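Report on the structure given below.
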Amino acid sequence: MKIGVGYRRGQKVFLLTAIVIAFYACGRSARTSKGNTDEDSLVAEMKLESKTKPYPATQFTSVEALDYKVDVFDTLHSGTIDDLEDLYMGAPGVFTFRGNLKRNADFCGRVTGCPDTLIVNWTFDTEMDNRETSVGTWGGGTGWTGQPLYVCWPDSVLRRFHKELPSDGYKLSKQEIIFGSLCSKAYFLDFETGKQSRPSIDVTNPIKGTVSLDPTMNGNLYIGQGVPAVEYIGAMCVNLFQHRITHFYGKDFKAWRGWHAYDSSPVRLGHFLIRPSENGTLYKFLIEENGNLSLHSTFRFRKKNTFVAGGIESSIAVVANYGIVGDNHGSVVCVDLNTMQPVWYYSLGDDIDASPVIEMEADTPYVYVGCEVDRQGLEGTARLVKLNVLDGSEVWCLKTLAYKAEVGEKHFDGGYYATPLLGQGNCKDVIFVNFVENSIGTQRPGYFMAISKHTGEILYRVKMCNYAWSSPVLFLNEKDECYVLTADTYGFVYLFDGKDGKELCCLHVGSNFESSPVVVGDQIVIGSRGKTIYKLTIANRKKS
């Protein structure tokens, strides 16, 4: 069923069921005391009216720059999202890329004093996948974005695992790390020891993006394949209680682009799974009570006067019923997720890989998103913008010169791959970014930068040993002073004072960090290209 460009207005939206997850964070953030557990944690479903109200069903003239199509496949279920609350904000851990719907989760750590030391606690090596694909050999470890998940299972869920899963010689862990690997497997590790807590799951094709865990504790783990070692690649769901793949969505013959990879980390909103694809389609799956998925509707789009759609590699950012996506052609589109109709369009001018980040200022949501230098040629302008989510209007645009570096048959784009980090504490008016400058020749420098949220002015920038695709994370001390940790593609991990950019520590740990870290208290877990996953502690040598 096709829904035309016309938009239905004045539709009354009734918000039905809000799912409330009751538990303790089990050390997810150091703001919560360690060792604090709830033996009777349960997933409670309470029939309360959602506190989050939908934004209006409207459409701005900027949408006229798009060709688009909305298809509804399930006419028995209303597409209206019953509950707009962010279920990830109450989850006992970090369940999706950057932690929540807005991609701005407060999962920062806590430290004492001024941290100046990084300690490697454990390492874990994945298997290697040496199959030749149309785009090379991918090996093991994790790639971009590759952020691990962290979960502290409620005791009731852990008991169910013990009851339904065979032991197979593994020891199930209450605190578990979950990640997808380039070796075509999903792994499960004990957070404390780094040992496998359950067998890996073979998903047949390499995983580059960040997997996503359903925050309602129904056991669904959503995985996207990134590289076709075996055709066809697509998106899947793994049921962790059954420890098997229960859903696979492969090649979409209706897609406006032929590359069917899924690097984007999907999110659950109400009873729906929102899933962008590199085939240029935004998918909306209905999640049934038993956890099964069925396709509800799709939104396909491309800039007018282009034949092929741009792929969506970045993860969607969501506030209420508005979702923000960016594609390879530089299109930033706000979509009403109730109807899957576009609200506004903004052209960033080039390839968008970094995920949008939304922040509320008073009652108004704003989004930060940046692009690369890819389609412009060997030299161009990488843009980072702040937009008003309600109408797509530009607040400011930072333009920075960057280059495309060509090495053999490969090229490396300048600009923004890492997702911006919103400052906190004494840096609450700052956003932090990793910027790839590249240069003509063999050097590929990168910078860690602090930018004013209000003006878009670069406050400082620090040259790194090499460029960084990994997204930065932050830690606060007892004085709410902000410290930022990030890693580069030479395998260095850096610790900066967020206020002035002073380098407090630089440790060569791995070979190539493309993946983003997950923060748990004063520790991180991060994967590298190659095969090794690391757990590090951020410490203070002067701490008494």
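The values are calculated or read from the model by the stated rules, or taken from the named source; none is laboratory data. Because the structure is predicted, anything quoted here is derived from the model rather than measured. Cβ atoms come from the backbone with ideal geometry, glycine included; neighbour counts cover every protein chain shown.
For region 47-79, residues that are more than 25 Å from ASP327 (Cα to Cα) and either in a strand (DSSP E or B) or of a type in the set (Val, Ile, Thr) (or both) total 2. For region 370-421, taking the residues that are within 15 Å of GLY330 (Cβ to Cβ) and out of contact with any strand residue (DSSP E or B) (no Cβ under 7 Å at 6 or more places or on another chain), the one that is modelled with the lowest pLDDT is identified as GLY377. Inspection of region 350-367 finds no residue satisfying the criterion of being modelled with pLDDT under 95, farther than 23 Å from HIS454 by Cβ and of a type in the set (Asp, Glu). Among the residues of region 474-487, not a single one is within 17 Å of TYR417 (Cα to Cα) and acidic (Asp, Glu).
Sub-8 Å Cβ pairs linking a first residue in region 456-480 that is without any contact (Cβ under 8 Å) to a residue 60 or more places away in the chain to a second residue that is surrounded by fewer than 17 Cβ atoms within 10 Å (Cβ to Cβ) and in a strand (DSSP E or B), at least 6 apart or interchain, are LEU459/SER452; VAL462/GLU503; CYS465/CYS506, ordered by first then second residue. Scan VAL227, VAL151, VAL120 and give me the residue that is touching a residue at least 60 places away in the same chain (Cβ under 8 Å), in contact with a Gly (Cβ under 6 Å, 6 or more places away or on another chain) and either buried (at least 20 other Cβ atoms within 10 Å of the Cβ) or in a strand (DSSP E or B) (or both). Residue meeting the stated conditions: VAL151. Annotation note: of THR193, THR210, the sole residue that is closer than 30 Å to THR537 by Cα, under 22 Å from the mean Cα position of the chain (by Cα) and touching a residue at least 60 places away in the same chain (Cβ under 8 Å) is THR210. For region 501-523, taking the residues that are under 21 Å from the mean Cα position of the chain (by Cα) and free of Cβ contacts under 8 Å to residues at least 60 places away in the same chain, the one that is surrounded by the fewest Cβ atoms within 10 Å (Cβ to Cβ) is identified as ASN512. When we screen GLY169, GLY146, GLY140 for residues that are part of a loop (DSSP other than H, G, I, E, B) and modelled with pLDDT of 95 or more, the only hit is GLY146. Where strands (runs of 3 or more DSSP E) fall entirely within region 243-287, those with at least 3 residues that are surrounded by 19 or more Cβ atoms within 10 Å (Cβ to Cβ) and within 19 Å of the chain's Cα centre (by Cα) are at 267-269, 272-276, 281-287.
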